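First up is the structure itself, then whatever we jot down about it.
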Amino acid sequence: MSKFIPLSIPNFEGNEKKYVNDALDSTFVSTVGSYVNKFEKALAQYLLVPNVAVCQSGTSALHLALIEAGIGQGDVVLVPPLTFIAAVNPVKYQSAIPVFIDCDDSFCIDPIKLRSFCEEECHWDGNQLSYQGKAVKAMIVVHVFGNMADMNAIMEIAHTYNLKVIEDATEALGTQYTEGEYKGKFAGTIGDFGCYSFNGNKIITTGGGGAITSNDPQKVDHIRFLSTQAKTDPVFYVHDEVGYNYRMTNLQAALGVAQLEELPEFVLRKQHNYDMYKQYLQDCEYASLKEFRPGTSSNKWFYSIEINRNVIKAPMKEIIQRIREKGIETRAIWGLINEQRPYRNEITYKITKASYYAERILNIPSSTQITEEDIFYVSEEIKGLFEEMRND
């Protein structure tokens, strides 16, 4: 194989080594150090929010958000089926009950079905929404692949039924509304809580790591407190609450400070590369490049093509393997969470589009370093392969 184009790899073009070496030289490599505070302040400045707490992962951010939102045993949380399972697992950590609501064409939770579930399946007493006698307290809204969910409709539903909104913006750092009620607002800064991830394949990375913000800065302070084992008195080790070892390390934060400096450039590259894919794939008869929500500026973290299953019948595993033989790494969209073993007995509501897209969506290379030559190569090879497969 003479060429290999990866799906999504990190990009270290800036001050990463300088800042990490500085953190090493300081000897503060764990959860105490100047870069932790620097990263939090820089993120808050970028997101236009007053307070951000950094933590070990996007998953831990979601868990802390659920704790701070008061979600506990037996509470119902409305969740999407078409996303990475880490978006839903923290609901189980809290012994709460996930109810899966279908997605719309953005792959994000469908506000039409969300509203119909609340109106038709639940009871509203003027203060508390309930489902089968259980309190419905929150929803987790995932901005899938950097595509902003329909927050206008979602927030209206949340306000109507007194629901906490936890935004999973782990894939959407840098995505924002450009028009409407939330013009200028970034993904993760509209609901009650916003959670971010800095995993290795995200638009910026700290290796692992995450962050959380809230519309209430004091809640972020409390989350930061919980993430460091809830030490009321760190000298005499007094703990008044159950805490967690969820704080980000100084080494990770040093990497994050450098990566955040490059984020605006990375977003521009992602957007430009998407436009090139759109140009080169526009004449493809057997797959189409998925659009992002109008009225938003997306970070375009992952690019997705929808395969025409009326013509291309091959299983996704075969498609991925045959593309890989061309030196191109691709990835199927996730298997539906409600079909995974830990969730097979949970409640689902009118899931049709999620099932449809699970069989048709393929992610194609989207690294910020990808060249126009590589984009052209990927596009031509995919078109050629589907041309071969149409008669299989």
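Report yes if GLY188 is in contact with an Asp or Glu (Cβ under 6 Å, 6 or more places away or on another chain) and crowded, with 24+ Cβ neighbours inside 10 Å, otherwise no. Considered against the rule, which asks whether it is in contact with an Asp or Glu (Cβ under 6 Å, 6 or more places away or on another chain) and crowded, with 24+ Cβ neighbours inside 10 Å, GLY188 comes out as yes. The set of residues from the stretch 321-346 being farther than 18 Å from PRO6 by Cα and polar (S, T, N, Q) comprises ASN338, GLN340, ASN345. Tallying residues that are touching a residue at least 60 places away in the same chain (Cβ under 8 Å) and under 22 Å from PHE100 (Cβ atoms) within the stretch 308-326 yields 0. The residues of the stretch 190-215 that are more than 18 Å from SER367 (Cβ to Cβ), in contact with a Phe, Trp or Tyr (Cβ under 9 Å, 6 or more places away or on another chain) and assigned to a loop (DSSP other than H, G, I, E, B), listed by number, are ILE190, GLY208, GLY209, ASN215. Name every residue in the stretch 92-109 that is among the β-branched types (Val, Ile, Thr) and touching a Pro at 6+ places or on another chain (Cβ under 7 Å), in order of residue number. The answer is ILE101, ILE109. Within the stretch 99-112, residues that are in the same structural domain as GLN340 (by TED's automatic domain parsing) have Cβ atoms under 7 Å from residues that are hydrophobic (A, V, I, L, M, F, W, C) and assigned to a loop (DSSP other than H, G, I, E, B) in no pair, counting only partners at least 6 apart in sequence or on another chain.
To keep it simple, each residue is scored yes or no on (1) buried (at least 20 other Cβ atoms within 10 Å of the Cβ); (2) in contact (Cβ under 8 Å) with a residue 12 or more places away in the chain; (3) in contact with a helix residue (DSSP H, G or I) (Cβ under 9 Å, 6 or more places away or on another chain); (4) of a type in the set (Gly, Ala, Ser).
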| site | (1), (2), (3), (4) |
| --- | --- |
| SER297 | no, yes, yes, yes |
| GLU306 | no, yes, yes, no |
| ILE328 | yes, yes, yes, no |
| GLY335 | no, yes, yes, yes |
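Does the stretch 147-168 include one or more residues that are within 20 Å of GLU359 (Cα to Cα), touching a residue at least 12 places away in the same chain (Cβ under 8 Å) and assigned to a loop (DSSP other than H, G, I, E, B)?
yes
Yes or no: the stretch 1-23 includes at least one residue that is in the same structural domain as ALA138 (by TED's automatic domain parsing), over 28 Å from ASN273 (Cβ atoms) and assigned to a loop (DSSP other than H, G, I, E, B). No: zero hits.
In this structure, does ASP168 turn out to be more than 16 Å from the chain's Cα centre (by Cα) and assigned by TED's automatic domain parsing to the domain that holds LEU78? No, not satisfied.
For the stretch 193-235, give me each residue that is of a type in the set (Asp, Glu) and in contact (Cβ under 8 Å) with a residue 60 or more places away in the chain. Listed by number, the list holds a single entry, ASP221.
For the stretch 38-58, filtering for residues that are surrounded by fewer than 24 Cβ atoms within 10 Å (Cβ to Cβ), of a type outside the set (Gly, Ala, Ser) and either free of Cβ contacts under 8 Å to residues at least 12 places away in the same chain or farther than 20 Å from ASN15 by Cα (or both) leaves 8.
Starting from residues that are surrounded by 19 or more Cβ atoms within 10 Å (Cβ to Cβ) and of a type in the set (D, E, K, R), keep the ones in the stretch 154-183 and report whichever is farthest from MET139 (Cα to Cα). Across the stretch 154-183, the extreme among qualifying residues is GLU171.
Kindly check whether there is at least one residue in the stretch 123-143 that is assigned by TED's automatic domain parsing to the domain that holds GLU68, in contact (Cβ under 8 Å) with a residue 24 or more places away in the chain, over 20 Å from the mean Cα position of the chain (by Cα) and not in a strand (DSSP E or B). Looking through the stretch 123-143, at least one residue is assigned by TED's automatic domain parsing to the domain that holds GLU68, in contact (Cβ under 8 Å) with a residue 24 or more places away in the chain, over 20 Å from the mean Cα position of the chain (by Cα) and not in a strand (DSSP E or B).
The values are calculated or read from the model by the stated rules, or taken from the named source; none is laboratory data. As the structure is a computational prediction, the values presented were derived from the model and not from experiment. Positions of Cβ are backbone-derived with ideal geometry, glycine not excepted, and every protein chain shown enters the neighbour counts.
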